[in-house]
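Below: the structure, in structure tokens.
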Amino acid sequence: MKSRNNTYGFDIPVAARLATIVLIVVGAALAFAYTAGWLTPSRLTPTKLVDSLAPPDGAVRGFRRNHAKGICFAGTFEANGAGAAISRAPMFEAGSYRVTGRFNLAGPVPTMADGSARVRGLSLRIQGADGQEWRTAMINAPFFPVATPHDFYAFQLASANKDDPNAMKQFAASHPSLRAFGAWAGSEPYTESYAEDRFNSLHSFVLTNAQGQSQAVRWSFIPTAAPLAVPKEELNTRDPDFLSKEIAGRVAAAPQKWTLVLTVAAPGDPTADPTQAWPEERRKIEAGMLVVQRIEAEADGPCRDINFDPTVLPSGMRTSDDPFPAARSAAYAVSFDRRTSEAQQHPRTRAQGKP
Ligand code: HEM
């Protein structure tokens, strides 16, 4: 069948098809530009968040953009069944579940001295028998220094601002939670081992049980090893890798254990703000034991290709109104994509300033 020509001599169905193609291409370009933040320069993007974490001489290629130094391990989560009362997550049913995890230090430089890290982390991937996973990346602090991802970004910019010596002071003055965090950092004793540290989710998550009842909770992994306080000055004199060497020795001698404690929110407890710790007397449920059985290679072991994204949750667990997990998820994806597409930069090469 012959198609009509318009005044430009185009065949109308061809013109319509061309217009559709142009619309699709322009639409895709606009969507890309929006996602990249080009149309809304003031919008916080995952890329900006990750870029803000870089040290002054640039990110270390091939490594996590935060919590870059760590040591991988394998173990199990031994659920006692008590968690099933508030969540139908498969790993809360009594049983033993596979764990891949990572002890780590906050900071973007994988060669940092262990004694210099105030914030230590524990990342876990707990695998249910049905293939569902619970991923969590926690720290030893009892609350976070800032209340929102925007404040986290502003905090990174203020701490990196060498042109304005008052930038950090001004930020702290308008963010009292930062002072509270500073007070914790200045008074909490350092331990000599990851095995003696308590790790906290800080964010609230919503658990739903088999009856469909939902509760907001936060969780912590509490060490069974008694903490031994060590003065900071003494830690500074230790081997730069003393924490990873110590935990490797301890785990080789005996499995190391932490109790999983779920803390249940009372009505009115803040769930959206990780700077606000809940009162100590909240109901607690001991749901099982993390058992670290074997230290694994960090550089090319099983943790290398895991993104400990805190929004990877099994059924019976979901994120709450806390805005951090979604922001972290997006930022971790950027970091993961970068580090897994780069060859690892040898830390010594970087320290000497060679390409
Ligand atoms: C908006 C705020 C945050 C940003 C932008 C951020 C960013 C990052 C990035 C980019 C990584 C590396 C991810 C990878 O390459 O796989 C990371 C790792 C980590 N972060 Fe965060 N983070 C934030 C908040 C938090 C909070 C609130 C906690 C603790 C409650 C936390 C604990 C950790 C831990 C433990 C790791 C190590 C994960 C691993 O072993 O792979 N982060 N973070």
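Taken together, the values in this text are just the output of simple stated rules run on the coordinates, not laboratory data. Quantities reported herein were computed from a predicted structural model and do not represent experimental measurements. Here Cβ is always computed from backbone atoms with ideal geometry, including for glycine, and neighbour counts include all displayed protein chains.
Taking Lys and Arg as +1 and Asp and Glu as -1, the other residues whose beta-carbon sits under 11 Å from that of Leu207 total +3.
Per-residue ellipticity at 222 nm, computed for the chain from helices alone with -39500 (n - 2.57) per DSSP H run of at least four residues, works out to -9000 deg cm²/dmol.
For segment 255-333, just say rounded, prolate or oblate: build the C-alpha gyration tensor, square-root its eigenvalues into a ≥ b ≥ c, call rounded for a/c under 1.5, and beyond that prolate if a/b exceeds b/c, oblate if not.
On the way: a/c = 2.55, a/b = 1.35, b/c = 1.89.
Oblate.
Under 5 Å between amide hydrogens, built in the peptide plane, is the criterion, and for Glu296 it picks out Cys72, Phe73, Ala74 among residues at least 5 positions away or on other chains.
Need one word for segment 156-282: rounded, prolate or oblate. Basis is the Cα gyration tensor (sqrt eigenvalues a ≥ b ≥ c); a/c below 1.5 gives rounded, then a/b vs b/c decides. Intermediate values should be presented prior to the final figure.
Values: a/c = 2.41, a/b = 1.04, b/c = 2.31.
Since a/c reaches 1.5 but b/c is at least a/b, the shape of segment 156-282 is classed as oblate.
With 0.36 nm allotted per residue and the present C-alpha distance subtracted, the Asp241-Gln344 stretch has 35.2 nm of extension available. Working from label points 7 Å from Cα in the Cα-to-Cβ sense, the Glu281 to Asp164 distance is 4.4 nm. In the chain, Cα pairs under 8 Å separated by at least six residues give a relative contact order of 23 percent. Relative to the current alpha-carbon distance between Val291 and Ala85, full extension at 0.36 nm per residue lengthens the span by 71.9 nm. Work through the residues other than Glu133 whose Cβ is under 11 Å from its Cβ and net out their charges, Lys, Arg +1 and Asp, Glu -1. That sum, taken over residues with Cβ under 11 Å, equals +1. The H on the amide N of Gly121, modeled in the peptide plane, is under 5 Å from the matching H of Asn104, Leu105, Ala106, each at least 5 residues off or on a different chain. Charged neighbours of Phe242, selected by a Cβ distance under 9 Å, balance to -3 (K, R count +1; D, E count -1). The Rg/Rh ratio of the chain, with both radii computed over alpha carbons and Rh defined as the Kirkwood radius, is 1.06.
Treating only the Cβ of Lys, Arg, Asp and Glu as charged (+1, +1, -1, -1), what charge dipole size does the chain show about its Cα centre? Round to the nearest 20 debye.
Charge dipole, the chain, about its Cα centre: 880 debye, nearest 20.
Got a sec? Charge dipole of the chain, +1 on Cβ for Lys and Arg, -1 for Asp and Glu; which of Phe103, Ala158, Ile86 is way out at the positive end? Value computed over the given set: Ala158. With each label modelled as a point 7 angstrom along the Cα→C-beta vector, the Ala225-Ala266 pair spans 3.5 nm. Considering only Leu178, Leu290, Leu228, the mean-square fluctuation computed in a Gaussian network model of the chain, springs between alpha carbons under 10 angstrom, is largest for Leu228.
Here the simple spin-label model places points 7 Å from the Cα toward Cβ, and for Ala252 and Asp305 these points are separated by 2.8 nm.
Hydrophobic, long helices, defined as DSSP H runs whose alpha-carbon span along the helix axis is 27 Å or greater and whose mean Kyte-Doolittle value is at least 1.6, occur in the chain at 12-35.
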